[in-house]
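FYI, it's all coordinate maths here, none of it is from the lab. Keep in mind the model is a prediction, meaning the values are calculated, not measured. Glycine also receives a Cβ, built like all others from the backbone with ideal geometry; neighbour counts cover every protein chain displayed.
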Amino acid sequence: MEQFFTWLYQEQGINLTIGYDSYDRGLFLAGIWMTVKLSVLSVLFSLVIGALGAWIQGSPSALMRGLVGAFIAFFRNTPPLVQLYFFYFAVGTVLRHTGENGLPQPLVSGFGWAVISLSLFAGSLNVEIFRSGIEAVPRATVEAASALGFNRLQTYLHVVLPLALRISLPSLGTNLVNLVKTTSLAYAIAVPEVLYVSAQIWSDQLNVREMMNVVLLTYIVLVAVLVWGLHRWEKSMRIPGFGT
Amino acid sequence: MTWTPDKPIISIKDVRKSFGAVEVLKGVSLDVMKGEVICIIGPSGSGKSTLIRCINALNDIQSGSITVEGQEVHDPKLDKLELRKKVGMVFQQYNLFPHKTALQNVMMAPVKVLRQPKAEVEARARALLRKVRLEGKENSYPGELSGGQQQRVAIARSLAMNPDVMLFDEVTAALDPETVKEVLVTIRDLAAEGMTCVLVTHEMGFAREIADHVYFTDRGVIVEHAPPREFFEHPKDPRTRAFLSQVL
């Protein structure tokens, strides 16, 4: 294996250091793992935020609905990179505690801010996606649940959300795919994810062209895995005789 | 005031209800005794569906009073769950939960709302599905069942809460003629067991056969009410006569 990559470099001039240099390979694999962690956590939190926000949007309190509306407007109408900078540089410098050495230490790491920022960004879009699903659940079905004694939360959890999720799944998938790709923005606050470690490698080895291809291929594979997972999910949730 | 079975189980007094500027119920009163079967008939838009939806607080009312077992339904402090445990409702469009099987549909409310033990609920749910003649359909999804079958699952689902009163809102109106019968047979069995039933229906033959009392509503008022025989053979009000001559 390593011999092949050494040959590829020496005979063909294609310098894939991650193929024969164990340090670079370790760095790159750690980068992939970081991207996977960022993706999984942001996807999960953004789904929770989406479901929670959509629930509050149906609340009788105008104040709560207004708050969710403001949250969506803020995160949907500003660029995700600016949001990330805002959290890391503006909020992050306020949230500090004094470390053991007497110097101020950040309370939340760059990785933490990336997860928070990406989750809120994708979550705000998920609220709207879930809401469109919720609006497609027939009122009569909800009424049947309340006639059976379900309260608002029970109706939401057991009837509305499971149906809305199935209706929203295609647009939800699009948003989650975008979210995985958006994790590359964490580069900007020095979170060592795939793009960041690749830049480290190409600065040392001067193999930008090779690494750019590797980075693109990595994202293609990661997104393909996600899309495959979403398809499996969609299939497992298909109800016989419901929809198409 | 505690309720005793010698008093009406449902008592509706001078109920008024508007949707915006349109007054749908213009002072409706009626009493239902325990074990009684009453049918409400009348032209569409006469307020009959609205009336029974008010009984389990799916619609609110502007004035008047509705009590179920002595409990005022439109008291803002009412525990809705207590009311809905007493009053079961079946709808025109069945309204089953499409993502749950027939068995799960029947089990869901007792398990999730009343938090009864699953095994016990399942045994009861299977017995109820047998009772509505749906043995073997436990694991079918609503989308795989015919309209009449879905409606019988909906009846079983309501019965699973052990209600004291069942409300039927035009439950055969969306069914084709052959399946109407299977649903009516189910309701007839229930009535024969002594379940208090309030039906809004267009099935005149069925109303005549099953009802202890028939109410005729038109334009938000009860025009006439009588035992079925008297009602269908000697209607007094000209509006009742006109309606019956059209539908019979």
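Residue exposure proxy: A:24, B:189, ordered by other Cβ atoms within 10 angstrom of their Cβ from fewest to most, comes out as B:189, A:24. Helix B:147-159 axis versus longest C-alpha principal axis of chain B: approximately 90°, rounded to the nearest ten. All other residues whose Cβ lies under 14 angstrom from that of residue A:16 are scored, Lys and Arg at +1 and Asp and Glu at -1, for a net of -4. Against chain B, whose longest principal axis is taken from its Cα atoms, helix B:118-131 shows a tilt of about 60°.
Each residue of region B:227-239 was assigned a 3J(HN,Hα) from its phi angle through the Karplus expression (A = 6.51, B = -1.76, C = 1.60, θ = phi - 60°), giving x, x, 4, 5, 4, 7, 8, 10, x, 8, 7, x, 5 Hz with x at Gly and Pro.
At what distance in angstrom do the alpha carbon centres of region B:175-248 and region B:1-58 lie from each other? Region B:175-248 and region B:1-58 have Cα centres separated by 15 Å. Residues B:84, B:124, ranked from the fewest to the most other C-beta atoms within 10 Å, line up as B:124, B:84. The alpha-carbon of residue B:17 sits under 17 angstrom from the alpha-carbons of these aspartates and glutamates, leaving out residues fewer than 8 places away in its chain: B:60, B:72, B:75, B:218. Classified by the C-alpha gyration tensor, region A:1-103 has a prolate form. Its axis ratio a/c, with a ≥ b ≥ c, is 1.5 or above, and a/b is larger than b/c. Of the residues A:219, B:141, A:23, the one with the fewest other Cβ atoms within 10 Å heads the list, and the complete ranking is A:23, A:219, B:141. Here's the picture: a label point sits 7 Å out from the Cα of residue A:140 along the beta-carbon direction, and within region B:73-95 the residues with their amide nitrogen under 12 Å of it are B:91-95. Here each label is just a point 7 Å from Cα along the line to Cβ, and for residue A:152 and residue A:76 those points are 2.1 nm apart.
Rounded to the nearest whole Hz, the Karplus-based 3J(HN,Hα) values (6.51 cos²θ - 1.76 cosθ + 1.60, θ = phi - 60°) of region A:99-114 follow the sequence x, 5, 7, x, 9, x, 10, x, 7, 10, 6, x, 4, x, 5, 4, with x at glycine and proline.
Pick from A:182, A:98, A:78 the residue whose mean-square fluctuation is largest in a GNM of chain A, springs joining Cα atoms under 10 Å. In the Gaussian network model the winner is A:98.
For the residues A:101, A:175, A:151, a GNM of chain A with alpha-carbon springs under 10 Å puts the largest fluctuation on A:101. In order along region B:44-61, the Karplus-derived 3J(HN,Hα) couplings, from 6.51 cos²θ - 1.76 cosθ + 1.60 at θ = phi - 60°, round to 5, x, 8, x, 5, 5, 4, 4, 6, 5, 6, 5, 10, 6, 6, 10, 8, 10 Hz, and Gly and Pro are given as x.
Just checking the listed ones, B:194, B:64, B:20: in the Gaussian network model of chain B with Cα springs under 10 Å, the one fluctuating most is B:20. To the nearest ten degrees, helix A:62-76 and the longest principal axis of the Cα atoms of chain A are 30 degrees apart. Considering helices alone, the calculated mean residue ellipticity of chain B at 222 nm is -10500 deg cm²/dmol, with DSSP H runs of length four and up weighted by -39500 (n - 2.57) and normalised per residue. Close amide H pairs (under 5 Å, H built 1.01 Å from N) link residue B:215 with B:39, B:40, B:41, residues at least 5 positions away or on another chain.
Oblate is the label for region A:2-237, because a/c, from the alpha-carbon gyration tensor with a ≥ b ≥ c as root eigenvalues, is 1.5 or above and a/b does not exceed b/c. Beta bridges assigned by DSSP with both partners in region B:98-248 are antiparallel in approximately 50 percent of cases.
Legend: distances between Cα atoms for B:26/B:86; B:86/B:181; A:37/B:118; B:100/B:181; A:37/B:100; pairs beyond 31 Å are A:37/B:118; A:37/B:100.
Note on A:158-171: average number of Cβ atoms from other chains within 10 Å of each residue's Cβ is 2.
Basic side chains Lys and Arg get +1 at the Cβ, acidic Asp and Glu get -1 at the Cβ, and with that the dipole of region A:71-219 about its Cα centre reaches some 380 debye.
Basic side chains Lys and Arg get +1 at the Cβ, acidic Asp and Glu get -1 at the Cβ, and with that the dipole of the protein assembly as shown about its Cα centre reaches some 440 debye.
Of all stretches in chain B that contain no GluC sites (Glu not before Pro) in a DSSP loop with at most 12 other Cβ atoms within 10 Å, the longest one is B:1-134.
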